[in-house]
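A short reminder: the numbers here are calculations on the coordinates, not readings from a lab. Model, not experiment: these values are computed from the prediction. Positions of Cβ are backbone-derived with ideal geometry, glycine not excepted, and every protein chain shown enters the neighbour counts.
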Amino acid sequence: MTTEVRVPTLGESVTEATVATWFKKPGDAVQVDEMLCELETDKVTVEVPAPAAGTMGEIVAAEGDTVGVNALLATIEAGAGAQTSAKADAPAKAAKESSNDSSGGNVDVMVPTLGESVTEATVSTWFKKVGDNVSQDEMLCELETDKVSVEVPAPAAGTLTEILAQEGETVQANGKLAVLSGAADGAVEPAQRPAAETASSGDAKTAEPRKGEDAPSAKKAMAEAGLNPDQVKGTGRDGRVMKDDVARAVAAGATASAATTAAPAAPAATPRAPVPAEDAAREERVKMTRLRQTIARRLKDSQNTAAMLTTYNEVDMTAVMELRNEYKEEFVKKHGVKLGFMSFFTKACCHALREVPEVNAEIDGTDIVYKNFVHMGIAAGTPTGLVVPVIRDADSMSFATIEKAIAEKGARARDGKLSMAEMQGGTFTISNGGVYGSLMSSPILNPPQSGILGMHKIQDRPMAINGEVVIRPMMYLALSYDHRIVDGKGAVTFLVRVKEALEDPRRLLMDL
């Protein structure tokens with residue numbers, strides 16, 4: 001039986017990719033979900049897992065080839081190849097081979113699927129220690145990636161006999177975390193791993209990861225930019241340099257050739273000024289989480305890439321507050337969720353985006369991609385940092401549906417349960433600094449989006465209305481936008497339409 005390996009979905013608006021690296025060659029044995037190759041698109045790196053176990057057959061698309069979505073990459077032949085490999089690797093895989101033995105063997109605890117283009121994670125917390133008994137599906141540890149936390153359940157009941165990745169260590173996708181042994185009675189002695197495997201694991205913890213073959217597109221880009229691999233920090237598997245790594249190095253002002261440069265390379269960050277010993281003794285140094293590092297990098301990349309400007313306005317919240325107070329009890333009874341302000345702002349933004357579509361667009365090379373839909377990002381603060389869950393097709397939702405989606409996504413964000421898919425594909429973002437008391441701020445764009453609306457604190461202020469001074473609940477609004485595709489007129493028009501819709505919500509019903 002022959003199984004076809006095809007190019008998976010590559011992401012919104014992405015139709016082709018380059019074959020970067022093959023991890024297997026014809027004749028190799030493969031297991032289900034074992035990584036076969038890595039594809040590189042303009043935006044992400046995609047790993048292709050084996051859809052079935054067997055022997056690697058023909059490789060149709062070689063490294064460096066460009067392939068379209070659903071194109072044939074290779075074939076897998078079922079049968080003897082996998083058996084031959086299993087026999088050859090028996091000493092190293094004995095524990096795993098016996099994992100289904102009801103008499104009590106070893107079960108490997110592996111890193112689960114981390115999400116599209118995510119190849120590694122950091123072990124955040126172990127909930128169990130060596131010697132503890134565990135039940136099937138009981139949480140063993142928590143992993144932290146650039147965007148989400150992933151809990152790892154026990155694949156079977158037994159005793160935790162070995163932890164291979166300690167807290168703080170970085171693990172690769174599909175890597176081994178720990179070993180379970182026997183029934184959950186603590187009677188089974190920890191299994192000894194083969195000497196070769198033990199040495200390999202120890203080396204992996206102390207030695208630097210081996211740098212693999214750089215992506216073909218990255219080699220071409222480095223040649224065109226006059227860079228050598230030592231000048232580019234690789235983010236691919238095993239430290240391979242990818243195409244976007246070269247782009248970042250060029251943007252950072254990498255020199256044309258390290259061989260002709262006598263001066264030492266500049267440090268990645270400005271060195272910290274000397275601290276007096278008496279002050280240093282009272283400091284606490286904590287390593288940034290992967291999420292915080294990603295937030296910092298993305299925000300800085302946004303400032304470096306986009307021509308970002310911010311325009312401001314203010315809105316009288318009287319009408320929205322009166323409408324909300326009048327119907328909030330009926331709203332809860334009928335829909336089972338509270339009527340908040342976010343649904344009004346979401347509706348107002350969707351209304352304004354129809355009139356000013358460039359605020360809902362993005363730049364892709366020399367093209368502008370206009371979106372005929374609104375996937376609304378709602379920024380949410382969590383104990384580990386800011387995340388932006390996405391409400392898809394918010395422009396077609398009712399107030400109740402929006403409120404339910406916001407409540408559900410917010411709860412999942414606070415609990416660290418959001419998946420990668422739930423934070424991808426946003427076209428516009430709303431950030432509410434008012435919940436923390438902010439009166440005025442300039443939000444930073446969430447790339448590749450071209451607009452973000454900043455909400456702020458509602459504060460009673462004296463306003464001149466029809467020649468009289470009255471007290472009104474006012475809120476400052478801030479729209480940050482990418483001036484490369486959004487002109488000042490469009491940005492101001494968008495913000496005025498949001499203001500008008502909030503000050504007279506009936507305009508939303510009349511589509512005015």
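Quick notes
- Equivalent ellipsoid, the stretch 293-377 (semi-axes from 5 times Cα gyration tensor eigenvalues, Å): 33, 16, 15
- Reducing the stretch 444-489 and the stretch 111-176 to their Cα centroids gives an inter-centroid distance of 44 Å.
- Listed residue pairs exceeding 20 Å between alpha carbons, taken from K233/K417; K176/K409; K334/K404: K233/K417; K176/K409
- Estimated from the Cβ-Cβ distance and a Förster radius of 45 angstrom, the FRET efficiency linking L309 and E34 is about 0.40.
- Across the stretch 406-512, counting alpha-carbon atoms alone, Rg and Dmax equal 16.6, 53 Å.
- q = 0.09, 0.10, 0.16, 0.18 Å⁻¹: log10 I(q)/I(0) that the Debye formula gives for the stretch 292-510, counting C-alpha atoms only: -0.35, -0.44, -1.15, -1.45
- Pairwise FRET efficiency - Q166 versus V275, Cβ, R0 = 30 Å, nearest 0.05: 0.50
- The simple Förster model, with R0 at 51 Å and r as the Cβ-Cβ distance, assigns V469 and A252 a FRET efficiency of 0.45.
- Alpha carbon centroid spacing (whole Å) that separates the stretch 360-405 from the stretch 35-66: 31 Å
- A simple spin-label model places pseudo-atoms 7 Å from Cα toward Cβ; at T2 and E138 they are separated by 4.9 nm.
- Based on C-alpha pairs under 8 angstrom that are at least 6 apart in sequence, the stretch 368-447 has a relative contact order of 36 percent.
- In this simple spin-label approximation, A296 and D108 carry label points 7 Å from Cα along the Cα→Cβ vector, and these lie 3.5 nm apart.
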